[in-house]
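As structure tokens, the structure follows; a few thoughts come after it.
Where a number appears in this text, it was derived from the coordinates with a stated rule and is not lab data. Computed from a predicted model, the values in this text were never measured in an experiment. Note that each Cβ is placed from the backbone with ideal geometry, even for glycine, and that neighbours are counted across all protein chains shown.
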Amino acid sequence: MLALDVPRFERAESALPPGMSGGARLWKTFRKRLAGYAERRDFPALAVTSKFSVHLRFGTVSIRELMRLARLRRGAGA
């Protein structure tokens with residue numbers, strides 16, 4: 001039998017921080033970009049999206065909390 005020399009790959013680290021603390025970190029970085037979000041959100045090449053979809057799906061970020069915080073900002077992006 002011929003053995004193939006296939007390299008083993010290590011598990012890649014996720015670019016998305018997990019858990020509630022990861023969601024809080026995402027909010028902390030996203031709120032700096034919130035003011036310009038309305039103008040730039042439709043350009044995928046720009047790093048302006050919130051990346052909250054997975055956190056919202058699994059409940060590690062509260063939509064009500066995000067809405068409350070966005071309303072406090074009162075910007076066009078919010």
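Go through (1) among the hydrophobic types (A, V, I, L, M, F, W, C); (2) touching a helix residue (DSSP H, G or I) at 6+ places or on another chain (Cβ under 9 Å); (3) free of Cβ contacts under 8 Å to residues at least 24 places away in the same chain for Ala47 and report which single condition fails.
Of (1) among the hydrophobic types (A, V, I, L, M, F, W, C); (2) touching a helix residue (DSSP H, G or I) at 6+ places or on another chain (Cβ under 9 Å); (3) free of Cβ contacts under 8 Å to residues at least 24 places away in the same chain, only one is false for Ala47: (2).
I want to confirm something. Restricting to the stretch 45-72 and keeping residues that are among the small types (Gly, Ala, Ser) and surrounded by 15 or more Cβ atoms within 10 Å (Cβ to Cβ), which single residue is farthest from Pro18 (Cα to Cα)? Walk me through how you get there before you give the answer.
Here is the first cut: in the stretch 45-72, the ones among the small types (Gly, Ala, Ser) are 45, 47, 50, 53, 59, 62, 70.
Right, trim to surrounded by 15 or more Cβ atoms within 10 Å (Cβ to Cβ) and you get 50, 70.
Details: Ser50: 14, Ala70: 22 Å.
If we take residues in the stretch 45-72 being among the small types (Gly, Ala, Ser) and surrounded by 15 or more Cβ atoms within 10 Å (Cβ to Cβ), then Ala70 is farthest from Pro18 (Cα to Cα).
Quickly run through the stretch 49-78 and pick out the residues that are under 14 Å from Lys28 (Cβ atoms) and not aliphatic (A, V, I, L, M).
Within the stretch 49-78, Ser50, Lys51, Phe52, His55, Glu65, Arg73 qualify.
For (1) among the acidic types (Asp, Glu); (2) under 13 Å from the mean Cα position of the chain (by Cα), each residue gets a yes or a no:
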{"position": "Arg31", "(1), (2)": "no, yes"}
{"position": "Ala35", "(1), (2)": "no, no"}
{"position": "Glu39", "(1), (2)": "yes, no"}
{"position": "Ala47", "(1), (2)": "no, yes"}
{"position": "Ser50", "(1), (2)": "no, yes"}
{"position": "His55", "(1), (2)": "no, yes"}
{"position": "Met67", "(1), (2)": "no, no"}
{"position": "Leu72", "(1), (2)": "no, no"}
{"position": "Ala76", "(1), (2)": "no, no"}
